[in-house]
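K.L.:
Have a look at this one before I ask anything.
The values are calculated or read from the model by the stated rules, or taken from the named source; none is laboratory data. Quick caveat: nothing in here was measured; it's all calculated off a predicted structure. All Cβ positions, even for glycine, are placed from backbone atoms using ideal geometry, and neighbour counts span all protein chains on display.
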Amino acid sequence: MKTMSFQASLAAALMLAAAWFASPVSAQTQSPPATAQSAAQPSTAGTVPPAAAPAAPAASTAPAVAGAAPVAGNPASAKPEAAAIAPAMKELSPWVMFMSADVIVKAVMIGLAFASLMTWTVFIAKSIELSVASGKLRSALKKIAEARSLAEAQMALGTKEGILPSFLAAALREARMSAGLSSDTGIKERAASSFAEIVRAEQRRIRIGMGVLATIGSTSPFVGLFGTVWGIMNSFIGISKSQTTNLAVVAPGIAEALLATAIGLVAAIPAVIIYNHFSRVTKGYLELVSRASGAAGRLLSRDLDRSHGSVHSRAAE
């Protein structure tokens, strides 16, 4: 048996060598692996015909290549698996983050929202107040521009209330209470003291609400930061309990905490801008108040000089 097997192998090798030399050069360059495999197959089986040997490797390699193609280039089969493994993403709208936040973080957000509402309320109210007060004072100053005495100025203004009628009333009251006194300097000093009190009262009145803006502008970022620190602390506690660092799991809690800082900045930035705006507008209005005080003082001085002039003329007669 061994001799017959050796003879069969030798015959197959001779037939393959003859086919090799008889084939064209191009076929020799393209089919070396096939001939090597076909040479190995007769040695093991010993019964393969020589003519079928070159065709067997081509048939055996084609299914291998066709079977490998779906494995290497089939992304469609991998997508459902990735979608099944990936966690469902949570919607991160501001309202959803607010409703999912901790109780303390919610309280911070509500407080900051109320502070922002107060800021815009003060802005609207003070804008109307300063606009109306400045318009009235300018109109009053125009009306008394040609007045020669305190009484004439009061008649020009009528019964209207305001800062300028207050100055005129204080000057007339001081002139009436100082009747019979010969020192004009003392009367003017006492009237100037009354004017200063009226100016300080007007300053306090016109600055109502400015302190609220200053407080909101300076404290809102820190209040929002407190809410953020509290929320992130709770998020880290949740991470330790869930024992996962997946971003899809920890991101909602951190986003909810950062929302508190965002609301704090939304409340603080407009408050600071509005405060600076009203500081400039209030300064301009107080300059008008100073003009009104000066106008009332000039009218008082004219009345005093006029009264002394009439007394001197009577004495000369």
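K.L.:
When you scan the range 227-241, do you find a residue that is over 31 Å from the mean Cα position of the chain (by Cα) and closer than 30 Å to ASP102 by Cα, even just one?
P.N.:
Just the residues of the range 227-241 that are over 31 Å from the mean Cα position of the chain (by Cα), to begin with: 241.
Adding the requirement that they be closer than 30 Å to ASP102 by Cα leaves 241.
Yes - at least one qualifying residue is present in the range 227-241.
K.L.:
What is the one condition in (1) in a helix (DSSP H, G or I); (2) over 18 Å from LEU288 (Cα atoms); (3) small (Gly, Ala, Ser) that ALA179 does not satisfy?
P.N.:
Unmet condition: (1).
K.L.:
When residues of the range 282-303 are filtered for being out of contact with any Phe, Trp or Tyr (no Cβ under 6 Å at 6 or more places or on another chain) and under 16 Å from VAL199 (Cα atoms), how many remain? Can you show your working first?
P.N.:
Of the range 282-303, the ones out of contact with any Phe, Trp or Tyr (no Cβ under 6 Å at 6 or more places or on another chain) are 282-291, 294-295, 297-303.
Filter once more, so that each one left must be under 16 Å from VAL199 (Cα atoms): 282-291, 294-295, 297.
Selection size over the range 282-303: 13.
K.L.:
Return a yes/no flag: does the range 198-213 have any residue that is under 12 Å from LEU300 (Cα atoms), among the basic types (Lys, Arg) and in the same structural domain as ALA268 (by TED's automatic domain parsing).
P.N.:
So the first thing to find is which residues in the range 198-213 are under 12 Å from LEU300 (Cα atoms), and the list is none.
The answer is no; no qualifying residue exists.
K.L.:
Go through the range 211-234 and give me each residue that's loosely packed, with under 14 Cβ neighbours inside 10 Å and among the aromatic types (Phe, Trp, Tyr).
P.N.:
PHE222
K.L.:
Here is a list: PHE123, PHE195. Which entry is within 51 Å of the chain's Cα centre (by Cα), within 30 Å of ALA257 (Cα to Cα) and of a type outside the set (Val, Ile, Thr)?
P.N.:
Details: PHE195 fails: within 30 Å of ALA257 (Cα to Cα).
When all the criteria are applied, what remains is PHE123.
K.L.:
May I ask you to list the residues in the range 129-141 that are within 15 Å of ARG280 (Cα to Cα) and either at pLDDT below 90 or not small (Gly, Ala, Ser) (or both)?
P.N.:
Within the range 129-141, GLU129, LEU130 meet the criteria.
K.L.:
Right, another one. In this structure, is ILE237 surrounded by 17 or more Cβ atoms within 10 Å (Cβ to Cβ) and either in a helix (DSSP H, G or I) or at pLDDT 80 or above (or both)?
P.N.:
On the way: surrounded by 17 or more Cβ atoms within 10 Å (Cβ to Cβ): no; either in a helix (DSSP H, G or I) or at pLDDT 80 or above (or both): yes.
Criteria not met by ILE237.
K.L.:
Are any of the residues in the range 119-131 of a type in the set (D, E, K, R), in contact (Cβ under 8 Å) with a residue 24 or more places away in the chain and assigned to a helix (DSSP H, G or I)?
P.N.:
Restricting attention to the range 119-131, the residues satisfying the condition of being of a type in the set (D, E, K, R) are 126, 129.
With the extra rule that they be in contact (Cβ under 8 Å) with a residue 24 or more places away in the chain, the set shrinks to 126, 129.
So of that shortlist, the ones also assigned to a helix (DSSP H, G or I) come out as 126, 129.
Scanning the range 119-131, I find at least one residue that is of a type in the set (D, E, K, R), in contact (Cβ under 8 Å) with a residue 24 or more places away in the chain and assigned to a helix (DSSP H, G or I), so the answer is yes.
K.L.:
Scan the range 175-210 for residues that are surrounded by 13 or more Cβ atoms within 10 Å (Cβ to Cβ) and among the hydrophobic types (A, V, I, L, M, F, W, C) and report the count.
P.N.:
Looking only at the range 175-210, we keep the residues that are surrounded by 13 or more Cβ atoms within 10 Å (Cβ to Cβ), and these are 175, 178, 184, 187-188, 190-192, 194-195, 198-199, 202-203, 206-207, 209-210.
The next check asks that each one be among the hydrophobic types (A, V, I, L, M, F, W, C); those that pass are 175, 187, 191-192, 195, 198-199, 206, 210.
Total meeting the criteria: 9.
K.L.:
Right, here's the next one. Taking interchain pairs and intrachain pairs at least six residues apart, which have beta carbon atoms under 6 angstrom, with the first residue in the range 145-171 and farther than 15 Å from VAL289 by Cβ and the second β-branched (Val, Ile, Thr)?
P.N.:
Once the first residue is farther than 15 Å from VAL289 by Cβ and sits in the range 145-171, its partners that are β-branched (Val, Ile, Thr) give ALA153/ILE144; ALA156/ILE144.
K.L.:
OK, next. Just need a number here: residues in the range 142-172 that are over 22 Å from SER193 (Cβ atoms), under 51 Å from the mean Cα position of the chain (by Cα), surrounded by 13 or more Cβ atoms within 10 Å (Cβ to Cβ) and not basic (Lys, Arg).
P.N.:
Result for the range 142-172: 1.
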